[in-house]
Amino acid sequence: MGRLLLFTVLTGCVLTGCGRISFAPTVGDAGNDNQSELVDAPIGPRWTLVQTSMSTSSTVTIAPSSSRNLIVVAAQIANAGSITSITDNAADDDDVNANLLNESNTYVAIPAARATNTNPSNVLEIWYAQNARRGATKISIGATAPVLAAVAWEVSGIRTIDPLDTAGKLDGQPATIAPVGPSITTSTAGEFIVSVAIVANVVTGASAGSEFTNDCLTNGNGWAHLADPGAAAGSHQAQWAQNTSGRYCASAAAFRVSP
């Protein structure tokens, strides 16, 4: 008699969103050849994009943030300015450290992701807060020049300690209708990548076939993230389209998922 295979029906999962799901057979009791079963192969950690919010000022309003998530903030600064600080109004009454109540999450700059452009003289910076406390609804950006645009991403499933893997930038790029982000080479599978292009004209969206999803067109720029939470380790690069050729700068940063 042939071996009977039992298949488990998976629900609540779209294959195109979760990646390939494979099965491995497991032999049942040695004395019963009719008993065997298939079990799911292990699936690694996955990040989830909780929310994306944008602003054309120094204040970004978000839905209340959750505990232990990653918050990434990218901002376009005018007149070759720079960001001096980023704070929020987090107030986690469950925090084990009582002295942290009603205080901002700690945002740190990614120096390797500071990109500059000329004509116009704009700057792009990316900052992040790891292991964030819950309850933040307002992110405030302090800068030496006007903040022209800012976008915040909140992501779950990211390492709470040392989440940043790598970052890169492209300064003062030649005029083009197809601006790109820096090529980012991730060291582990499934990393969350943010990529931003500050353009002289107007981005219309991500290029056809891009592995990045464009989240916002704030101030005519491209603000994107790598779409696949199971993307292989290796090189990843965002690309956008714009109707009119122009100079640009771009930055990107990659964050590791929880072990």
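The values are calculated or read from the model by the stated rules, or taken from the named source; none is laboratory data. Treat the numbers as computed from the prediction; the structure is a model and nothing was measured. As a convention, Cβ positions derive from the backbone with ideal geometry for all residues, glycine included, and neighbour counts pool all protein chains shown. Side chains are part of the model used for accessible areas, which takes the heavy atoms of the whole protein and leaves out ligands, DNA and RNA. Shrake-Rupley method; radii C 1.70, N 1.55, O 1.52, S 1.80 Å.
Quick look at the values:
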item	result
In sequence order, calculated HN-Hα J values of the range 224-238 (Karplus, 6.51, -1.76, 1.60; Hz; x Gly/Pro)	9, 9, 5, 6, 8, x, x, 4, 5, 5, x, 8, 9, 8, 7
C-alpha center-to-center spacing [the range 44-85, the range 232-246] in angstrom	21 Å
Extended-chain gain in nm, criterion 0.36 nm per residue less alpha-carbon gap, residue 79 and residue 176	32.7 nm
Debye-sum result for the range 150-259 in log10 I(q)/I(0), which assumes one identical scatterer on each alpha carbon, at q = 0.18, 0.19, 0.24 Å⁻¹	-0.81, -0.89, -1.29
Interchain or long-range residues, amide H under 5 Å from residue 67's placed H	134
Karplus (6.51, -1.76, 1.60) ³J(HN,Hα), θ = phi - 60°, over the range 53-64, in Hz, Gly and Pro reported as x	10, 10, 7, 10, 9, 7, 10, 10, 8, 10, 5, x
Per-residue HN-Hα couplings for the range 250-255 [Karplus 6.51, -1.76, 1.60; θ = phi - 60°; Hz; x = Gly/Pro]	8, 9, 8, 8, 10, 10
Full-stretch length increase - residue 131, residue 89 - with 0.36 nm per residue and alpha-carbon distance subtracted	13.6 nm
Charge tally in the Cβ shell below 13 Å around residue 83, where Lys, Arg are +1 and Asp, Glu are -1, residue 83 excluded	0
Accessible area (Å², per residue) of the range 128-247, counting only protein heavy atoms and a probe of 1.4 Å	37 Å²
FRET efficiency estimate (nearest 0.05) - Cβ-Cβ, residue 233 to residue 118, R0 45 angstrom	0.85
Nearest-0.05 FRET efficiency for residue 211 and residue 160, computed from C-beta distance (R0 30 Å)	0.70
Carbon and sulfur %, accessible surface of the range 108-259 computed with the full protein complex present, 1.4 Å	51 percent
